[in-house]
Amino acid sequence: MHDIVKDYYGNVLKGSDDLQTNACCTDDNLSSSLKVILSNIHDEVMSRYYGCGLVTPELLAGCHVLDLGCGAGRDCYAMAQMVGETGFVTGVDMTDEQLAVANQHVEYHREKFGYEKANTKFLKGYIEKLDELNIADNSIDVVISNCVINLSPDKHAVLNEIFRILKPGGEIYFSDVYADKRVPAHLKDDPLLYGECLSGALYWHDFENLAKSVGFVEPRLVNSRAITIDNNELATRIEDVNFTSATYRLFKAEGLETDGQNYAQTVTYQGTIIEHEAMLTLDQKNTFIAQQATNISGNTWHTLKQSRFAEHFVFNGDFSKHLGLFAATDEQFDFIDDHAENHASAPSSNNSTSSSCCAPAPAPDQKNKSSCC
Ligand SMILES: C[S@@+](CC[C@H](N)C(=O)[O-])C[C@H]1O[C@@H](n2cnc3c(N)ncnc32)[C@H](O)[C@@H]1O
């Protein structure tokens, strides 16, 4: 499977427009700061962007970020600006042609960002085998990935490796494609469906269980959006499987329980994160208004307390009194409803080879910022 994917991203595709499932993605609704960040990136890198979401975790200054399946490096060069000169970004990819584009522009971006030393490097290798690239245990602050893990033939190994290399309290923040049911084996053998990030996708419930099994006890959904396939031939080939592009964050935190429990704890966000002064969204279920006490589960308490966000919160309470299950304030991620909404809209009558936009819906505090990848 690795060879099929290498051929697809190294030889078949020549640019973002060749993709058959997200051709309509534009950056129209990005925040002004993200627009500036992307405008600083070399055109050749931008033209070979094959992501399915916007991967922009908050609070990255000084962090070491690792991008799994970095491709031509668009997200790496965006992160290079967000981590600043004291941070560092490492991109990993297995496809020579993609890495050649990424490597060709290291010096261009160093100069563009005004850095004395380049803060970006690219490694050739497999995301299932980060040990072969000498990426040490507990060494990375934040892992990102954009439309890649669905392409891996061994997703358990990938998640295991991510858990190994993350520092305690670190996280992977990533966009990927998920299916609403297990994809039948014969569809996985279709190189076009696989290369287009469809038939390698995990059933989302299996993904969450896999993440939990390697130690990411509470997968946090940030946003999601149904992918529609307007190309009749491709849509027929994929049978009755529906796909969603979703952004998750998985924290490496200790002391988490299998369910969120209520210990009557609150946190107060201090409003001290740049560009998130009024509120901060952790995930679909947890948005913190600055200077306002917010109820949280014991799991969210542990996660925030061990993360790089801790110093931006005041923590109130302890674990001495248990009140039962923590009631989620937001709706659960409902894959089927997501697609029901999508199917309700008028289907395209043409036979174009593009889908409707694959970008995730913006998080609550990003509503005026990003609606597309
Ligand atoms: C859909 S593209 C996304 C590239 C990039 N993240 C972006 O947003 O433009 C998938 C990339 O993942 C890489 N890839 C897929 N499976 C991989 C694996 N097992 N190990 C390393 N790289 C992999 C491919 O070579 C390709 O560059």
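The values are calculated or read from the model by the stated rules, or taken from the named source; none is laboratory data. Everything quoted here is computed from the prediction, not taken from an experiment. Here Cβ is always computed from backbone atoms with ideal geometry, including for glycine, and neighbour counts include all displayed protein chains. Side chains included, ligands, DNA and RNA excluded: accessible areas come from the protein's heavy atoms. Shrake-Rupley method; radii C 1.70, N 1.55, O 1.52, S 1.80 Å.
With the other protein chains left in place, how much accessible area per residue, in square angstrom, belongs to the stretch 261-325 at a 1.4 angstrom probe?
With the other protein chains kept in place, the stretch 261-325 gives 47 Å² per residue.
What figure in square angstrom, to the nearest 10, would you give for the accessible area of Asp318 with a 1.4 Å probe?
Near enough 80 Å² of accessible area.
Enter the accessible area per residue of the stretch 172-231 (Å², integer; probe 1.4 Å; all protein chains in place).
Value for the stretch 172-231: 31 Å² per residue.
Ranked from highest to lowest mean number of other Cβ atoms within 10 Å per residue, what is the order of the peptides 286-294, 112-120? Don't skip to the end; give the middle numbers.
On the way: 286-294: 16.7, 112-120: 14.9.
Highest to lowest by the protection proxy: 286-294, 112-120.
Ignoring ligands, DNA and RNA, what percent of the 1.4 Å accessible area of the stretch 69-197 is carbon and sulfur?
Heavy-atom surface of the stretch 69-197 belonging to carbon and sulfur, 1.4 Å probe: 49 percent.
Taking the Cα centre of the stretch 11-163 as the origin, how large is its charge dipole in debye, to the nearest 20, when only Lys and Arg (+1) and Asp and Glu (-1) carry charge on their Cβ atoms?
Dipole about the Cα centre, nearest 20: 160 debye.
Could you run the Karplus curve 6.51 cos²θ - 1.76 cosθ + 1.60 with θ = phi - 60° over the stretch 250-262 and give me ³J(HN,Hα) per residue in whole Hz, x for Gly and Pro?
Couplings: 10, 9, 8, 10, 9, x, 6, 9, 5, 10, x, 10, 9 Hz.
Taking θ = phi - 60°, what integer Hz values does the Karplus form 6.51 cos²θ - 1.76 cosθ + 1.60 yield along the stretch 220-225, in sequence order, with x for Gly and Pro?
10, 7, 8, 6, 7, 8
Rounded to the nearest 0.05, what FRET efficiency do Ser47 and Thr258 have when you use their Cβ-Cβ distance and R0 = 56 Å?
Details: r = 45 Å, r/R0 = 0.80.
The computed FRET efficiency comes out at 0.80.
Show Asp137, Asp67 ordered by accessible area, largest first, where the area counts protein heavy atoms only and the probe is 1.4 Å.
Largest accessible area first, the list is Asp137, Asp67.
How large is the dipole of the stretch 261-325 about the Cα centre if only Lys and Arg carry +1 and Asp and Glu carry -1, each at its Cβ, rounded to the nearest 20 debye?
My answer is approximately 220 debye.
For the stretch 261-325, what number results from the quotient of the Cα radius of gyration and 2.2 N^0.38 Å? Let's see the in-between values first.
Values: Rg = 11.4 Å, N = 65, 2.2 N^0.38 = 10.7 Å.
My calculation over the Cα atoms of the stretch 261-325 gives 1.06.
Roughly speaking, to the nearest percent, how much of the stretch 261-325's 1.4 Å accessible area is carbon and sulfur?
Numbers: 1600 of 3060 Å².
C and S atoms contribute 52 percent here.
For Phe88, list long-range residues whose amide hydrogen, built 1.01 Å from N in the peptide plane, is under 5 Å from its own amide hydrogen.
Excluding prolines and chain starts, which carry no amide H, the hits are Cys63, His64, Val65.
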